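Below: one structure, written as structure tokens.
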Amino acid sequence: MRFLWLDTETTGLETTDASAFELAFILVQNGVVICERDFFLNPLSETIKYHEEAGKIHGYTEEQIKAFPSEKKVMPKVAEFLKNAVELFKTDGSRTEKLIIAGYNIGFDIKHLKALLERNGFNYDDYFISNMADVFEQVKKAGFQKALPFLPDRKLGTVAKHLGVNLENAHNALADIKATREVAKKLQQLNVKLI
């Protein structure tokens, strides 16, 4: 199976007036990391705004985001990366295998990735199957199965700390997605399945 682990950092919550400005990917096939990519882009426009509340979480200023290359320049590179990830040779020699998207509370990231792709003339369904692997759901299962004790919350940082997973530079998308993958592995070792 081919997983594409994704984390985003966004200018706000809703895709109607906010967007991802960082997309971090880890491509994994049969448990082996094929590559990691981190894309930064400037999505700000008349409709896509910078929200101060989001800035307090990720630490990027509006000026820093404006300094990134425009989304129009970056999104074709993201789409090419996704296309190449789908077209990697499988062991049987066939050329295509859509990806299983994975992450922490991945629905949020999917929503922002879809909006970026669509705004730039690309289609999410060209790259991904409908199944997803959500580590947040795996964490909830771990609680029900008593593999995790009661924790003050289910945030990535809290769960990672409890499981001994290093999460330096939180709210950097690549650091977050690396920690997410490690949390998923630790939970699988505790017999809590991801999907």
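The values are calculated or read from the model by the stated rules, or taken from the named source; none is laboratory data. The structure presented is a predicted model; accordingly, all values stated were derived computationally and were not measured. Positions of Cβ are backbone-derived with ideal geometry, glycine not excepted, and every protein chain shown enters the neighbour counts. Accessible surface areas use protein heavy atoms only, side chains included; no ligands, DNA or RNA. Shrake-Rupley method; radii C 1.70, N 1.55, O 1.52, S 1.80 Å.
Things to note:
- With every protein chain in place, region 1-63: carbon and sulfur % of accessible area (1.4 Å): 52 percent
- √(5λ) per eigenvalue of the Cα gyration tensor, region 1-56, largest first, Å: 29, 10, 9
- The chain has equivalent-ellipsoid semi-axes of 27, 23, 13 Å, by the square roots of 5 times the alpha carbon gyration tensor eigenvalues, sorted largest first.
- Amide hydrogen neighbours beyond the local backbone of Ala133, cut-off 5 Å, H modeled: Ile101, Ala102, Gly103
- Compactness of region 16-131 was expressed as the Cα radius of gyration divided by 2.2 N^0.38 Å, which yields 1.14.
- Computed on the chain, with alpha-carbon pairs under 8 angstrom and 6+ residues apart, the relative contact order is 22 percent.
- Computed with a 1.4 Å probe over protein heavy atoms only, the accessible surface of the chain comes to 52 Å² per residue.
- Scattering profile of region 98-158 at q = 0.17 Å⁻¹ [log10 I(q)/I(0), Debye over alpha-carbon scatterers]: -0.65
- For region 82-191, chymotrypsin sites (Phe, Trp or Tyr not before Pro) are listed when DSSP marks them as loop and at most 12 other Cβ atoms sit within 10 Å of their Cβ; the list is Phe89, Phe150.
- Qualifying lysines (Cα of each under 22 Å from Cα of Lys49; at least 8 residues distant if same chain): Lys66, Lys72, Lys73, Lys111, Lys114
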